[in-house]
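Worksheet: the structure to be examined is printed underneath.
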Amino acid sequence: MEGLFAAGYALFLAGTAAILELVARHSHRRTEAIRTTGFAYNHELDLWICPVGQPLHRVETIWERRLARYRAHAHHCNNCAIKHRCTDSDEGRVIEHQTDSWLQSGLRQFHRGISLMLLFLAFLISVVEILRQSGFEQAGLGTLAAVIGACCLRVAASLRVDLPQ
């Protein structure tokens, strides 16, 4: 019975790690979408188009932060009928775009680190319980530990790839 509770708790921790990853991705996508609502990006010309059709050209790239900054011409924004909904700047609307995707961002590394800790704890609970059990429960916990261990290795490998050199 104790092995069953340990397996349930390990599954709960692994599920929590998966849910954390999904919620973090969703939050990141929403944040990115809110900052550019009404704007469209043109990949061929590398510029953003505002809701009234004016372009925002790339004015700066900060490679250390993997950030591209786009700005509209001030005279277009200052004469625009919807400026009050778009920007309060007299220098033109600015869009800062992260060149890294969610999968490569520092926020992703943070959430993945938490997920890795939860998965490792689930793996550790399973292994300790394997040592305490025998027979059928030991085999079931071994399978669970192997699956969770494989997930730990996958998450750890993805974090290692993203670390700055």
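We did not get these values from a lab; they are worked out from the coordinates using the rules stated. Owing to the predicted nature of the structure, the values given are computational and were not obtained by experimental measurement. No Cβ is skipped: glycine too gets one built from the backbone with ideal geometry, and neighbour counts run over all protein chains shown.
Near L47, the amide H atoms lying under 5 Å from its own belong to N42; only residues 5 or more places off or on other chains count, and H is placed 1.01 Å from N. Cα centroid separation, the stretch 84-98 to the stretch 1-54: 24 Å.
Using a Förster radius of 22 Å, what is the FRET efficiency between L107 and A150 based on their Cβ-Cβ separation? Nearest 0.05, please.
Details: r = 25 Å, r/R0 = 1.13.
Computed FRET efficiency for L107 and A150 comes out at 0.35.
This model, with +1 at the C-beta of Lys and Arg and -1 at the C-beta of Asp and Glu, gives the chain a dipole about its Cα centre of some 240 debye. For the chain, with a Gaussian network of springs between Cα atoms less than 10 Å apart, report the residue from I62, I95, I125 with the top mean-square fluctuation. For the chain, modelled as a Gaussian network with Cα springs under 10 Å, the answer is I62. Under a crude label model (7 Å from the Cα following the beta-carbon direction), how far is T61 from T143 in nanometres? It is 5.1 nm. Volume of the convex hull of the chain (Cα atoms only), normalised per residue: 133 Å³.
Under the rule of -39500 (n - 2.57) per DSSP H run of 4 or more residues, summed and divided by the residues of the chain, what mean residue ellipticity at 222 nm is obtained, to the nearest 500 deg cm²/dmol? List each step's numbers first, then the result.
Numbers: 5 runs with 97 residues, N = 165.
After summing the helix terms and dividing by residue count, I get -20000 deg cm²/dmol.
Which values of log₁₀ I(q)/I(0), to two decimal places, follow from the Debye formula for the stretch 36-100 at q = 0.21, 0.30 Å⁻¹ with a uniform point scatterer at every Cα? Log-scaled intensity ratios, in q order: -0.82, -1.38.
The residue list A122, T87, V59 was ranked by how far each Cα lies along the charge dipole of the stretch 39-128 toward its positive end, using unit charges on Cβ atoms, and A122 comes out on top.
Charge tally for R35 (other residues, Cβ to Cβ under 12 Å; Lys, Arg +1; Asp, Glu -1): +1.
Between H73 and A33, what FRET efficiency comes out of the Förster formula 1/(1 + (r/R0)^6) with R0 = 22 Å and r the beta carbon distance, rounded to 0.05? The computed FRET efficiency comes out at 0.35.
Given Cα pairs under 8 Å that are at least 6 residues apart, what percent is the relative contact order of the chain?
In percent, rounded to a whole number, it is 25.
In the chain, the longest principal axis of the Cα atoms and the axis of helix 2-35 are about 0 degrees apart.
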